[in-house]
1. Say whether the condition of being closer than 21 Å to residue 372 by Cα, part of a strand (DSSP E or B) and modelled with pLDDT under 80 is met by at least one residue in region 168-183.
2. Could you run through region 423-448 and say how many residues are open to solvent by less than 10 Å² (accessible area, probe 1.4 Å) and either in a loop (DSSP other than H, G, I, E, B) or on the phi > 0 side of the Ramachandran plot (or both)?
3. Find the residue count for region 551-581, including only residues that are in a helix (DSSP H, G or I), under 28 Å from the mean Cα position of the chain (by Cα) and charged (D, E, K, R).
4. If I filter region 560-572 for residues that are on the phi > 0 side of the Ramachandran plot, modelled with pLDDT of 85 or more, touching a strand residue (DSSP E or B) at 6+ places or on another chain (Cβ under 9 Å) and open to solvent by less than 20 Å² (accessible area, probe 1.4 Å), do I get at least one hit?
5. Output the residues belonging to region 532-558 that are aliphatic (A, V, I, L, M), in contact with a helix residue (DSSP H, G or I) (Cβ under 7 Å, 6 or more places away or on another chain) and farther than 16 Å from residue 522 by Cβ.
6. Determine which member of the set 272, 326 is modelled with pLDDT of 85 or more and over 24 Å from residue 350 (Cβ atoms).
7. Considering only region 284-301, state which residues are closer than 20 Å to residue 193 by Cα and either hydroxyl-bearing (Ser, Thr, Tyr) or under 43 Å from the mean Cα position of the chain (by Cα) (or both).
8. Any residue in region 569-584 that's more than 16 Å from residue 543 (Cα to Cα): show its pairings with residues that are assigned to a helix (DSSP H, G or I) and open to solvent by 30 Å² or more (accessible area, probe 1.4 Å) at Cβ separation under 6 Å, as long as the two are six or more apart or on different chains.
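The values are calculated or read from the model by the stated rules, or taken from the named source; none is laboratory data. What you see is a predicted model, and the numbers here were worked out from it, not measured in a lab. Glycine gets a Cβ as well: all are built from the backbone with ideal geometry, and neighbour counts include every protein chain shown. The accessibility values were calculated without ligands, DNA or RNA, using every heavy atom of the protein model including side chains. Shrake-Rupley method; radii C 1.70, N 1.55, O 1.52, S 1.80 Å.
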Amino acid sequence: MGALGSRGAFGVGDLPTGEGTDEERLKAAGRGGRRSLSNRRSRGADQILTGPQQMSQKDIDEMDARLRGASGYVKKRRQNFSRSGHVGTTAQSALVTGGKVEIEEPITIKALSSATGLKAADVVKFLFKKGIMANVNSAIETELAMEVCLDYDIELEVKEHETAAQKVEQAFTDRVQVATQPRPPIVTILGHVDHGKTSLLDRIRKADVADHEDGGITQHVGAYRVTIEGSDKEQKTVVFQDTPGHAAFTAMRARGAQMTDIVVLIVAADDGVMPQTIESINHATAAGVPVVVAVNKCDLPSFNDDKLQKIYGQLAEHGLNPTAWGGETEVLKTSAETGEGITELLETLDLQAEVLELTADYGGPARGTVIEAEMQTGRGSVARVMVQDGQIKVGDFISIGRAFGRVRDITNDRGQSIDQAGPATPIELSGIDDLPDSGDKFYITKTLKKAEEVAEHFRDDERQQALAARTKVTLDNFAATIQAGKVDHLTVVVKADVQGSVETLRKSLGELGNDEVAVRVIHGAVGGITESDVLLADASDAVILGFHVSITPAVRDIAEERHVDIRMYRVIYDLIDEVKKSLEGMLAPETTEEEVGRAEVKQVFKIGKVGNTLGRNGGFSPGEPFEGQKHLSIRAGIVAASG
C-alpha cells in the first residue's frame with residue numbers, strides 16, 4: 001500500500017515521538033492537522049457546566065462568594081433569621097396604633113381604608129348595617145367616616161380639599177412683589193335688563209356695541225379699557241366691565257362683581273329699582289366694593305324730582321343711602337342719549353379710585369381670571385381674560401383652569417394684536433388645548449411641563465368631584481335615591497356659542513321644575529348642532545336646545561328621521577320661558593325655521609347709504625330667497641348675525 005496523497009493525511013510513521021500510547025500521540029498530532037467533526041464544534045456541554053478540570057483555591061473562594069450573594073442564599077438566610085425568633089420592625093397603621101389620621105375631602109371608602117388601615121370590606125359592612133349600600137369607590141359624608149373610625153379608636157381629622165389651582169394661587173400670593181405700581185380701577189356695570197347699561201358704556205367708550213346684541217340685551221361679558229380725563233385734568237385709564245342684566249346671567253354678574261373695584265349700578269329713571277337691580281346690589285355688597293348709582297334715561301319727559309326721590313327711597317331700603325340724604329352712596333343723573341352726567345360720573349369714578357389706592361405687581365409672571373371662552377375658526381380655543389398681576393407675553397406657558405398651552409397670540413379689547421399685557425388689562429388669547437370655564441384662574445408658569453401638571457391636577461380634581469357627586473351616599477338622601485325612579489325628567493342637550501352661555505343655561509334649566517317634573521341636562525357644549533348630538537338625544541329621548549348656533553341640512557334630516565326635537569333660540573330668556581311653559585303644559589304652538597336657500601359669501605361691499613352688501617358666487621341651493629325673508633350669517637356653526 002502506497003502513502004496517502006491527500007493534504008493533512010499521514011502515516012503511522014509520521015506520528016510524533018515521545019512517551020504515551022499511540023492514541024495519545026495520535027490526538028497530539030491531530031491538533032495541527034484536519035479537525036474531525038466533533039473537534040470543529042465548540043466545547044461540549046460537560047465543559048460548559050463544569051469549567052476547567054482543575055481550579056485554584058482562589059477561584060474556588062471567588063465562586064463561593066458569588067454563590068453566597070445569590071438571591072436564593074439571601075432568602076435562605078432570612079428564613080433562618082425568622083425561625084430564630086428575630087422580628088423586624090414594620091410601619092404600623094392607625095388601626096393598630098390608634099391616634100389621629102388626616103384625610104382630604106371628598107372622602108371615599110378606598111381613601112379612608114388607605115389612610116387608616118381599615119379594610120374596605122369592614123367599612124362597607126358598617127354602612128350596610130346602617131342601611132346604606134356602597135362600594136369601595138363610593139364617597140361618604142364626613143360624619144359617617146368619623147363614626148366608622150371611632151369604633152376603632154381612630155381620630156379622623158378632615159382637611160378641606162385643596163385644588164391644584166389653589167396651591168398655585170397660594171404660591172403666587174406668597175411671592176415677592178418686584179414692581180408694585182398704581183393700577184387702573186376695574187369698574188363693573190350692573191343693573192336690570194334693558195336699563196341702558198351697554199348704551200351708557202357706548203357713550204363712555206364711543207363704541208357701537210348695543211346694535212349687535214339680540215333683543216337689545218348684552219349676551220356676553222365684555223371688558224374695555226377707556227382713557228378719561230380725571231379730576232386733576234390728567235389722562236387716566238379705567239377698565240369697564242359690562243355684564244348681562246337678565247336674571248339668567250346671575251352667575252356671570254357675580255363673577256363680574258368679584259373681579260371689580262367699583263360698581264356702577266344702572267337704574268332706569270322710568271322703572272326704578274327692579275329684581276335684577278336688587279341682585280346686583282347684593283353681589284356688590286357681598287364683594288365689599290363701593291357702589292356708584294347712575295340714574296339713566298333722565299332725559300325722558302316723564303322723569304321728575306318725585307321719581308328721583310322715590311328711587312332714593314328704594315335704594316336706601318336696600319342699603320344704599322344716597323349722599324343727598326346724608327348717606328355715602330353717590331347717585332348721579334345720566335343720559336346715554338344726550339351724554340348728560342357722563343363727565344360727572346367719570347369724575348366720581350376717578351375720585352373713588354384715588355381713595356382705594358389700587359396697586360398691582362407689574363413684574364414677574366402674570367395671573368388673572370377668565371371672563372369668557374369660545375372656539376374660533378383658525379384659532380381654536382380662545383379665552384378672554386382679565387390680567388390682575390404681572391406681565392403676560394406671547395410665547396409664555398400658561399395654565400388656565402383645565403386647559404394649558406403656550407400663548408400663541410394676544411389681542412386687546414379693540415381687536416388689535418399686542419405682544420404683552422399688564423395688570424387691569426382685558427385681553428383675548430389663544431394657544432390653549434381646551435376651553436376653560438368662566439371664572440377660572442390663569443397662571444403663567446416657567447415650563448410647559450409645569451403648566452400641564454397643574455392642568456392635569458385640575459382635571460383629576462374635576463373627575464374626583466364628579467365621581468363623589470355621582471356616588472355620594474348619606475342617610476338624608478338614601479330614601480330620595482330609592483324614590484328617584486318615580487320622578488319624571490325632561491332630558492335636554494344644550495349647544496351654545498360660548499362656554500359662559502352653556503354654564504348659565506345648565507344652571508337656569510336645573511332650577512326649573514317642581515316635585516313632579518325636573519329638567520336634566522345630559523350634555524352641554526360649544527358649537528353647532530352635530531350628528532353626534534342628534535344620536536345622543538335619540539338614545540336618551542332628549543330635546544336639543546340651541547342658543548346662537550346653527551344646524552346643517554344633513555344633520556336636520558337625521559333628526560327628522562329619528563324624530564328628535566330641535567329648538568333654536570336667539571334670546572336666552574325665550575329659551576328658558578319656553579322650557580318653563582312646556583313643564584307647565586302651556587306651551588304655545590311651535591315656530592320653526594325652514595331653510596329655503598344657502599349661499600357662500602365671497603365678498604362684502606359697502607354701498608353708500610345702503611350699507612354692507614354681500615356678494616356671492618353661484619346660485620342658492622336648494623331654493624332662491626326672496627325679499628322679506630329672514631337670513632342668518634353663520635361662521636363655524638355659530639350665528640354671527642341675523643336679519
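1. Within region 168-183, not a single residue is closer than 21 Å to residue 372 by Cα, part of a strand (DSSP E or B) and modelled with pLDDT under 80.
2. 3
3. Qualifying residue count, region 551-581: 1.
4. Looking through region 560-572, none of the residues is on the phi > 0 side of the Ramachandran plot, modelled with pLDDT of 85 or more, touching a strand residue (DSSP E or B) at 6+ places or on another chain (Cβ under 9 Å) and open to solvent by less than 20 Å² (accessible area, probe 1.4 Å).
5. 555, 558
6. 272
7. Passing the criteria: 284, 285, 291, 292, 293, 294, 295, 296, 297, 298.
8. Every condition considered, the pairs that remain are 570/214; 571/214; 571/215.
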